[in-house]
Amino acid sequence: MKKTILLGIGCALIGSFAFGDIAPLNPQPPRQLTPLNTATAHKKKFTWLDSFEAAQKEAEKSKLPIFALFTGSDWCPWCVKLHNEVLESKEFKKYAKENLVLFIADFPQSKKISDKVKRQNQKLAKDYGVRGYPTVLLIDAEGKELARTGYKQGGGKPYVEHLKSLLEKK
């Protein structure tokens with residue numbers, strides 16, 4: 001009788017995992033922040049550039065600061081939290097569309113990036129003294145660091161307020 005009950009409970013749990021009633025122990029990573037082709041970036045309102053040179057040109061043209069995200073998108077738990085809780089929020093997207101040039105310097109373990117982008121990201125991390133992930137730098141068009149931050153709890157709205165306060169100080 002005990003074996004039958006245990007077998008029934010086991011089947012119910014397996015079914016719950018299979019049909020989504022219970023979250024798996026290893027949740028899927030967030031959708032990747034996919035950099036867009038820099039040639040088409042100006043046509044979209046919310047884009048992540050993977051060329052720092054293109055980000056600087058856009059910042060100069062638009063007179064906006066660069067939001068430079070140094071991330072390990074496919075392995076870093078805090079990067080995943082920042083992505084899910086802040087960067088995908090409607091508050092952040094709305095603010096970023098009008099107030100920031102978005103640049104991503106990704107350091108993935110599994111995801112492939114070009115050697116050119118990999119070298120660029122390594123050089124930028126060294127030049128700006130990035131030692132952990134996620135690191136967010138607010139940078140002007142000339143490459144001067146205006147502020148440095150990272151993950152903060154609370155979601156999109158508090159993070160936008162945090163960014164505003166950092167930029168007001170400069």
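May I ask you to verify whether K97 is within 15 Å of A68 (Cα to Cα), surrounded by fewer than 16 Cβ atoms within 10 Å (Cβ to Cβ) and not hydrophobic (A, V, I, L, M, F, W, C)? When the stated conditions are applied, K97 passes them. Considering only residues in the stretch 135-160 that are of a type in the set (V, I, T) and under 13 Å from L69 (Cα atoms), the one that is surrounded by the fewest Cβ atoms within 10 Å (Cβ to Cβ) turns out to be T149. When residues in the stretch 108-121 are screened for being over 20 Å from P77 (Cα atoms) and free of Cβ contacts under 8 Å to residues at least 12 places away in the same chain, 5 of them pass.
Read the figures in this text as sums done on the coordinates, not as results from a lab. Just so it is clear, the model here is predicted, and its values are computed rather than measured. Every residue, glycine as well, gets a Cβ built from its backbone with ideal geometry; the counts of neighbours run over all protein chains shown.
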